[in-house]
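The values are calculated or read from the model by the stated rules, or taken from the named source; none is laboratory data. Every value quoted in this text rests on a predicted model; they were computed, and no experiment measured them. Here the Cβ is made from the backbone with ideal geometry for all residues, glycine too, and neighbour counts use every protein chain on show. Ligands, DNA and RNA are stripped out before the accessible areas are found, and what is left, the full protein with its side chains, is counted by its heavy atoms. Shrake-Rupley method; radii C 1.70, N 1.55, O 1.52, S 1.80 Å.
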Amino acid sequence: MSAKVVLDWFLPLTGDSRTNLVLGGATDSDPARLGAASRPPELPYLTQIAQAAEYLGFESVLIPTGGGNQESWTMATALTQHTRRLEYLVAVRPGLVSPTLQAQVTATFQSVSEGRLRINVVAGGEDAEQRRFGDRLGHDGRYARAAEYLEVVRRLWTGEVVTYRGDYFDIESAFIPPIAKVPEIYLGGSSDAAIDVAAEHADVYLTWGEPPAQAGEKIARVADRSASRGRKLRYGIRLHVIARPTSDEAWAIADALVAGLDPAVVANRRAAFAASGSVGQQRQFALTNGGTSRAELEIHPGLWAGASLVRGGAGTALVGSYAEVAGLIEEYRAVGFGEFVLSGYPHLEEAYWFAEGVRPELARRGLL
């Protein structure tokens with residue numbers, strides 16, 4: 001196993017803030033909060049983040065998808081014109097457009113960006129969020145549909161003229177313009193249905209942050225199923241980060257973020273997470289009991305679950321000194337994770353804190 005790690009960053013398409021942990025998630029269930037970001041998700045600000053990520057040596061940025069977001073493909077395409085090397089990990093919900101159209105979009109994006117696309121397949125998630133897009137298919141059905149979707153898309157990318165008749169798609173004589181570079185597929189999910197689809201179709205299995213041993217057990221499950229199909233995946237993990245010269249400085253910021261939360265908002269969000277149909281969201285919810293003290297939220301040395309109190313999706317952060325954060329990344333690397341999709345509040349400044357402080361530590365450990 002290579003010791004090297006890949007570092008990616010995140011674009012907050014719901015907006016950004018120094019103090020509001022609710023922002024930045026892929027889904028926000030409260031329409032009243034849309035447009036309330038202290039830093040709205042407008043192209044000039046997102047361009048600053050993308051250009052900073054490129055300048056600081058991150059390989060790609062994750063572009064989320066959701067009802068409360070700016071639309072991911074439009075924003076990613078615009079940003080390719082403001083960067084030169086940075087790649088774009090664009091989130092896709094299979095089934096909201098046809099796989100033929102999706103293959104065509106990806107081929108065009110590769111042409112426009114000179115081959116800088118990766119695709120993050122978001123198949124499961126919340127039923128209520130899917131219904132906002134007119135999709136009433138249940139959780140396992142969405143993963144079964146995603147498997148068909150990815151089969152069709154991949155065949156089209158090879159230049160094949162595709163006729164396909166499945167449970168979800170009936171396609172006749174489809175083809176697309178030649179694609180300059182086939183993008184890699186990232187896929188996450190904690191359910192058995194998700195792991196089966198990842199084992200069959202993904203290049204990278206991407207999971208939300210859990211304690212290293214627990215996350216390593218998930219890797220083992222995926223590795224077993226992919227090996228049975230004659231495949232070998234790479235593994236990535238999605239985490240926030242608060243890194244400062246000293247541990248005390250970093251934890252003071254984490255404590256301040258929680259202290260600023262409205263208890264009513266915490267209670268409402270926790271109730272929503274408890275009722276979630278997403279296995280991954282249930283696992284994030286289970287990491288804490290809803291308490292707000294550091295002792296309750298530090299679920300592994302240096303791993304803080306404060307964002308999980310109010311933020312859907314990835315809810316854990318690496319917190320500590322530069323050396324401590326680098327050490328925790330090394331710990332995740334030891335259980336099999338090679339790619340780290342990171343973010344912080346606010347995303348522009350935290351990219352600099354991490355890159356200028358933690359990257360040199362990782363280099364000294366031979367991880368870059």
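For GLU160 and ALA213, compute 0.36 nm times the residue count separating them, minus their Cα-Cα distance, and round to one decimal in nm.
Taking GLU160 through ALA213 to full extension adds about 14.9 nm, to one decimal.
Quick one: which residues, 5 or more positions from ASP16 or on another chain, have an amide H under 5 Å from its amide H? H modelled 1.01 Å from N in the peptide plane, none for Pro or chain starts.
So ASP16 has HN proximity to SER38, ARG39.
Using square roots of five times the C-alpha gyration tensor eigenvalues, list the equivalent-ellipsoid semi-axes of region 266-368 in whole Å, biggest first.
27, 14, 13
Fully extended, how many nm does the chain gain between ALA78 and THR246 (0.36 nm per residue separation, minus their Cα-Cα distance)?
That pair, ALA78 and THR246, stretches by 56.7 nm at full extension.
Work out the FRET efficiency for VAL6 and ALA227 from their Cβ-Cβ distance, taking R0 = 22 Å, and round it to the nearest 0.05.
0.50
Which whole-number value in Å² is the accessible area per residue of the chain, probe 1.4 Å? Intermediate results must be reported in sequence, preceding the final value.
Values: 14560 Å² over 368 residues.
It amounts to 40 Å² per residue over the chain.
Step through the residues of region 316-324 one at a time and calculate ³J(HN,Hα) from phi using the Karplus curve (6.51 cos²θ - 1.76 cosθ + 1.60, θ = phi - 60°), rounding each to whole Hz and writing x for Gly and Pro.
Those phi angles translate into 10, 9, 7, 10, x, 5, 4, 5, 5 Hz.
Which ³J(HN,Hα) values, rounded to whole Hz and listed in residue order, are derived for region 39-52 from phi using the Karplus coefficients 6.51, -1.76 and 1.60 in 6.51 cos²θ - 1.76 cosθ + 1.60 with θ = phi - 60°, glycine and proline given as x?
10, x, x, 9, 4, x, 6, 5, 5, 4, 5, 4, 5, 5
What residue among VAL152, VAL341, VAL310 shows peak mean-square fluctuation when the chain is described by a Gaussian network model with Cα springs under 10 Å?
VAL152
Against the longest principal axis of the chain, how steep is helix 99-113, in degrees 0 to 90 to the nearest 10, with axes from Cα atoms?
Orientation of helix 99-113: about 60 degrees from the principal axis.
Is region 109-243 best put as rounded, prolate or oblate by its Cα gyration tensor, with a ≥ b ≥ c the root eigenvalues, rounded for a/c under 1.5, and otherwise prolate when a/b is larger than b/c, oblate when not?
Prolate is the answer for region 109-243, as a/c is 1.5 or above and a/b outweighs b/c.
Say R0 is 25 Å: what FRET efficiency, to the nearest 0.05, do VAL97 and LEU43 get from their beta-carbon distance?
Efficiency, from the Cβ-Cβ distance: 0.65.
Which angle from 0 to 90°, rounded to the nearest 10, does the C-alpha axis of helix 139-157 make with the longest principal axis of the chain?
That helix lies at roughly 60 degrees to the long axis.
Counting only C-alpha contacts under 8 Å and six or more residues apart, can you give the relative contact order of region 72-139 as a whole percent?
Averaging sequence separation for qualifying contacts and normalising by length gives 36 percent for region 72-139.
Given the rule -39500 (n - 2.57) for each run of at least 4 DSSP H residues, summed and divided by the residues of the chain, what is its mean residue ellipticity at 222 nm, to the nearest 500 deg cm²/dmol?
It lands at -13000 deg cm²/dmol.
Specify which residue in the list VAL241, GLY209, THR163 is farthest towards the positive end of the charge dipole of the chain, using unit charges on the beta carbon of Lys, Arg (+1) and Asp, Glu (-1), about the Cα centre.
Farthest along the dipole direction, towards plus: THR163.
When 1/r is averaged over all different Cα pairs and the result inverted, which Kirkwood radius in Å belongs to region 219-311? If you can, show how the numbers build up before the last one.
On the way: mean 1/r = 0.0654 Å⁻¹.
By the Kirkwood definition, the hydrodynamic radius is 15.3 Å.
How long are the three semi-axes of the equivalent ellipsoid for region 38-83, computed from the Cα gyration tensor as the root of 5 times each eigenvalue, in whole Å, largest first?
18, 12, 10
Could you calculate, for the chain, the ratio of the Cα radius of gyration to the Kirkwood radius, expressed as Rg to Rh?
With Rg and the Kirkwood Rh in hand, the quotient comes to 0.94.
Quick one: pull the percent of accessible area on the chain belonging to carbon and sulfur, 1.4 Å probe, ligands and nucleic acids left out.
Roughly 52 percent, rounded to a whole number.
With just the Cα atoms of region 165-295, tell me how far they stretch along each of the three principal axes, in Å, largest first.
Result, largest extent first: 58, 35, 32 Å.
With springs connecting C-alpha atoms under 10 Å apart, model the chain as a Gaussian network and identify which of GLY209, GLY315, GLY327 has the largest mean-square fluctuation.
Of the options given, GLY327 has the highest mean-square fluctuation.
Report the FRET efficiency, 1/(1 + (r/R0)^6), for TYR352 and ALA271, where r is their Cβ-Cβ distance and R0 is 45 Å, rounded to 0.05.
For TYR352 and ALA271, the calculated efficiency is 0.80.
Beyond 17 Å, how much of the Cα-Cα pair distribution for region 164-217 remains, as a whole percent?
Everything past 17 Å amounts to 60 percent.
Test of understanding: what is the full-extension gain from ARG132 to LEU56, defined as 0.36 nm times their sequence separation minus their Cα-Cα distance?
Here the segment from ARG132 to LEU56 would lengthen by 23.7 nm.
In the chain, what percentage of the DSSP-assigned beta bridges are antiparallel, given to the nearest 5?
Percentage antiparallel, nearest 5: 20.
Once you keep just the Cα pairs under 8 angstrom separated by 6 or more residues, what percentage relative contact order results for the chain? Working shown, then result.
Values: 716 pairs, mean separation 74.7, N = 368.
Contact order relative to length: 20 percent.
Provide the per-residue ³J(HN,Hα) series for region 265-275, in order, calculated from phi with Karplus coefficients 6.51, -1.76, 1.60 and θ = phi - 60°, each as a whole number of Hz, with x at glycine and proline positions.
The phi angles translate into 5, 4, 4, 5, 5, 5, 5, 5, 5, 4, 8 Hz.
Mind listing the long-range amide H neighbours of THR207? Cut-off is under 5 Å, sequence gap 5 or more, other chains count too, H placed in the peptide plane at 1.01 Å from N.
Hits under the 5 Å cutoff: GLY236, ILE237, ARG238.
Which residue, PRO346, PRO245, PRO177, has the most motion in a Gaussian network model of the chain that connects Cα atoms within less than 10 Å?
Highest fluctuation among the options: PRO177.
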